[in-house]
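Visitor: First, the structure itself, so that you have it in front of you.
The values are calculated or read from the model by the stated rules, or taken from the named source; none is laboratory data. All values reported here derive from a predicted model rather than from experimental measurement. Here Cβ is always computed from backbone atoms with ideal geometry, including for glycine, and neighbour counts include all displayed protein chains.
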Amino acid sequence: MATVGKAQSPRTLPPTHLTVKRRTDSEGPQKTVIQALAFYLFAAIVIASAALTITSRNPVHAVLWLILAFFNAAGLMVLVGAEFIAMLLVIVYVGAVAVLFLFVVMMLNIDFAELRAGFARYAAIGAVFAVGLAAEIMLAFGAWSAGKIELARRAAPTPDTISNIQALGMVLYTRYLFVFEGAGLVLLVAMIGAIVLTHRERSGSRKQNISRQNARRPQDATRNTQPTVGAGVEL
Amino acid sequence: MTSFFTYRFGLPYGWAWTLATLMDILLIALPLMLAVAMIIYADRKIWAAMALRRGPNVVGPLGLLQSFADGLKVFLQETIIPSAANKTLFLIAPIITFTVALIVWAVVPFDARAALADINVGLLYVLAASSLGVYGIILAGWSSNSKYPFFSAIRAAAQMVSYEVAIGFVLISIVLWSGSFNLTNIVEAQKGVLGTPVNGFFLNPLLFPMAVVFFISSLAETQRAPFDLTEAESELVAGYQTEYSSMSFALYWLGEYANVILMCALNATLFWGGYLPPFDWAPLYVVPGIIWLFIKILVFFFLFSWVKATVPRYRYDQLMRLGWKIFLPLSLFWVFLISGVLMMTRVGTECAPENRVYTKQYLYDDGRPRYPTDGVCQAARVNQLEKRS
């Protein structure tokens, strides 16, 4: 059966399964061909759908192209052996963030033509940002390819002896513990902020109190009366 | 099967692997379609029996062929696409639902090491793929360009996102206890829980509440009664499916039931021992694991149908309350509780330096670790596994 990444076998299974089999080039050139084909397929779709995200006129279509881009980026990550990151990308971005995007875009009915009207006015500022981002990407790539240690890192994106998740947990919870928890704190603050901003106390709304309803007995809520003809009942 | 193609037909490894995987996919997908047809029949029969009716009994012996007759009927119907609909998305939406319902089956283990993709992030894959299911519904609702489907889509999106949070925490407690994201490892970790001869996490008093939460959440996740607000016929006609007809409608039908079977399989796999027999007793292992899994799936499906036939539909605010105010805090608290118990019982042993495994980029060129306290304690992990089983 196919094995993506590594599967750690429990002790009880036959020893043939205990050896971790990684997808390597040594398994034959055909496998590499399939990987290469998959890479070009995913990469081409990522680029095409990213381009369509910014060019499509319908905002809902734009979000859907974005989702396709996320999805194929996850595929690329599986190819380089970062399956944990790939799954997180799908769960967090496709499963949660993009759903909310789609939600908002569907509800708001944004008119993109109106947004494009100010294009000429903001073009200069936009260009500055674009150049800045491009420079940052260049710098990142420059740092990536420079130096002996970095080259070694590039050769070993995932360690051979331990699984992806362990490797990540190992550095996240030791070396980068404070940064990691700081990131968590930022998210918590953002969450509380969103709640504070949208929460409002509505007066006059009748909320259901389930325990109170359950505690209510017939004798609390009803009373027997014998009204005379035409007299009615005092409430 | 890869080796079958390599040796029998002399194919090179890559192509043999591709062919074998395609065969495996068909081996899962085709019986699944048959199972969906039969399970729809079972659903109707169980529902009918509980309502003291006969249920389908005309087509074939005991009405067994009813689902196939229904399938043929919708297949012969005309496909109607509303003129105001967004055509592409309208047609893509049921395909998404159907595909997503199928792809999760790739990681479900049918026997020891008999999963199509025995990946080490199996549980995350399940979570990722099941979170995609909502797109089929949202897109259907939006692209229909009709009010009821849209309301239904919004309800569905909110409902699925809400219950996924609780499901995520339940899965984390499972992962904590079994020490792996791999579904086969999770099943193997259920052998003889807590020294008893019973296979299944449900016996563990710490995990049983999570099993209950997962069962209820899986009802909500598949939009089955009592959480079928997305197709509440008294309010929303047929929900997001209102504008669909013919094969696109049938795809929703198939996808929905494939999802239900999947959720039954996940309930069985995560908490009730999966492909393991109910008791850790040697003669029971003679029966193939897939049979045990199948029996467990059917038991869970009976529970699903039972709930559908007996429990009235929730109100929308009650649904949200259950998800956010009860399940979320409960499962979050439970993750803390379980990790606390595990901290006390399993972790804490000092790791000898020779047992530490380091990531390559944190080693100097001569192999010395740059940060000696980093690194996973490999030997300790093995010891824990041995201690547990």
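Every residue, every condition in (1) more than 30 Å from A:Asn58 (Cα to Cα); (2) of a type in the set (Phe, Trp, Tyr); (3) away from chain A (no Cβ under 14 Å); (4) touching a strand residue (DSSP E or B) at 6+ places or on another chain (Cβ under 6 Å), yes or no:
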site: B:Gly55; (1), (2), (3), (4): yes, no, yes, no
site: B:Gly63; (1), (2), (3), (4): yes, no, yes, no
site: B:Val74; (1), (2), (3), (4): yes, no, yes, no
site: B:Ile81; (1), (2), (3), (4): no, no, yes, no
site: B:Pro94; (1), (2), (3), (4): no, no, yes, no
site: B:Phe98; (1), (2), (3), (4): no, yes, yes, no
site: B:Leu102; (1), (2), (3), (4): no, no, yes, no
site: B:Ala114; (1), (2), (3), (4): yes, no, no, no
site: B:Ala129; (1), (2), (3), (4): no, no, no, no
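Visitor: Going through B:Leu102, B:Leu89, B:Leu72 one at a time, which residue ends up being in a helix (DSSP H, G or I) and over 27 Å from the mean Cα position of the chain (by Cα)? Break it down into steps so the answer makes sense when it comes.
Guide: Values: B:Leu102 fails: over 27 Å from the mean Cα position of the chain (by Cα); B:Leu89 fails: over 27 Å from the mean Cα position of the chain (by Cα).
Result of the check over B:Leu102, B:Leu89, B:Leu72: B:Leu72.
Visitor: Residues in the stretch B:219-262 that are over 15 Å from B:Val134 (Cβ atoms) and of a type in the set (Ser, Thr, Tyr): how many?
Guide: Residues flagged as over 15 Å from B:Val134 (Cβ atoms) and of a type in the set (Ser, Thr, Tyr) within the stretch B:219-262 amount to 7.
Visitor: Of everything in the stretch B:131-147, what is surrounded by 24 or more Cβ atoms within 10 Å (Cβ to Cβ) and more than 10 Å from chain A (Cβ to nearest Cβ)? Give them in sequence order.
Guide: B:Gly136, B:Ile137, B:Ala140, B:Ser144
Visitor: Do any helices (runs of 4 or more DSSP H) lying entirely in the stretch A:38-118 carry at least 1 residues that are in contact (Cβ under 8 Å) with a residue 40 or more places away in the chain and under 16 Å from the mean Cα position of the chain (by Cα), and which ones are they?
Guide: The qualifying helices (runs of 4 or more DSSP H) are A:59-79, A:83-88, A:98-108.
Visitor: Could you count how many residues in the stretch B:163-195 are away from chain A (no Cβ under 14 Å) and without any contact (Cβ under 8 Å) to a residue 12 or more places away in the chain?
Guide: Within the stretch B:163-195, residues that are away from chain A (no Cβ under 14 Å) and without any contact (Cβ under 8 Å) to a residue 12 or more places away in the chain number 3.
Matching residues to (1) under 21 Å from B:Trp142 (Cα atoms); (2) modelled with pLDDT of 85 or more:
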site	(1), (2)
A:Val20	no, no
A:Ser26	no, no
A:Pro29	no, no
A:Ile34	no, no
A:Ala43	no, yes
A:Ile47	no, yes
A:Ala50	no, yes
A:Leu66	yes, yes
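Visitor: Filter the stretch B:274-308 for residues that are assigned to a loop (DSSP other than H, G, I, E, B) and either in contact (Cβ under 8 Å) with a residue 60 or more places away in the chain or within 18 Å of B:Ala211 (Cα to Cα) (or both) and give the result.
Guide: Within the stretch B:274-308, B:Gly274, B:Tyr275, B:Leu276, B:Pro277, B:Pro278, B:Asp280, B:Trp281, B:Pro288 meet the criteria.
Visitor: Being closer than 30 Å to B:Val299 by Cβ, within 12 Å of chain A (Cβ to nearest Cβ), surrounded by 14 or more Cβ atoms within 10 Å (Cβ to Cβ) and not acidic (Asp, Glu) is true for just one of B:Ile46, B:Ile25, B:Ile40. Which residue is that?
Guide: Values: B:Ile46 fails: within 12 Å of chain A (Cβ to nearest Cβ); B:Ile40 fails: within 12 Å of chain A (Cβ to nearest Cβ).
That would be B:Ile25, the only listed residue that is closer than 30 Å to B:Val299 by Cβ, within 12 Å of chain A (Cβ to nearest Cβ), surrounded by 14 or more Cβ atoms within 10 Å (Cβ to Cβ) and not acidic (Asp, Glu).
Visitor: Hey, another quick one. Being over 28 Å from the mean Cα position of the chain (by Cα) and either modelled with pLDDT of 90 or more or part of a helix (DSSP H, G or I) (or both) is the filter here, so list the residues in the stretch B:9-50 that pass it.
Guide: Just the residues of the stretch B:9-50 that are over 28 Å from the mean Cα position of the chain (by Cα), to begin with: B:9-16.
Of everything in the stretch B:9-50, those that are over 28 Å from the mean Cα position of the chain (by Cα) and either modelled with pLDDT of 90 or more or part of a helix (DSSP H, G or I) (or both) turn out to be B:Phe9, B:Tyr13, B:Gly14, B:Trp15, B:Ala16.
Visitor: From B:Phe271, B:Phe208, B:Phe279, grab the single residue that is surrounded by fewer than 18 Cβ atoms within 10 Å (Cβ to Cβ), modelled with pLDDT of 85 or more and aromatic (Phe, Trp, Tyr).
Guide: Details: B:Phe271 fails: surrounded by fewer than 18 Cβ atoms within 10 Å (Cβ to Cβ); B:Phe279 fails: modelled with pLDDT of 85 or more.
From the options B:Phe271, B:Phe208, B:Phe279, the qualifying one is B:Phe208.
Visitor: Moving on to the next point. Looking at the stretch B:58-65, is at least one residue modelled with pLDDT under 85 and either closer than 29 Å to A:Gly95 by Cα or among the hydroxyl-bearing types (Ser, Thr, Tyr) (or both)?
Guide: no
Visitor: Follow-up. Looking only at the stretch B:151-159, decide whether some residue is more than 9 Å from chain A (Cβ to nearest Cβ), of a type in the set (A, V, I, L, M, F, W, C) and under 22 Å from B:Phe98 (Cβ atoms).
Guide: So far as the stretch B:151-159 goes, yes, one or more of its residues are more than 9 Å from chain A (Cβ to nearest Cβ), of a type in the set (A, V, I, L, M, F, W, C) and under 22 Å from B:Phe98 (Cβ atoms).
Visitor: Give me the pairs, please: first residue somewhere in the stretch B:325-345 and under 17 Å from B:Phe214 (Cα atoms), second residue anywhere and among the hydroxyl-bearing types (Ser, Thr, Tyr) and assigned to a helix (DSSP H, G or I), beta-carbon distance under 7 Å, and either six or more positions apart or on two chains.
Guide: From the stretch B:325-345, the pairs are B:Phe327/B:Ser217; B:Trp334/B:Ser173; B:Val335/B:Ser173; B:Ile338/B:Ser173.
Visitor: So, in the stretch B:225-273, exactly how many residues are closer than 16 Å to B:Asp43 by Cα and part of a loop (DSSP other than H, G, I, E, B)?
Guide: Of the residues in the stretch B:225-273, 3 are closer than 16 Å to B:Asp43 by Cα and part of a loop (DSSP other than H, G, I, E, B).
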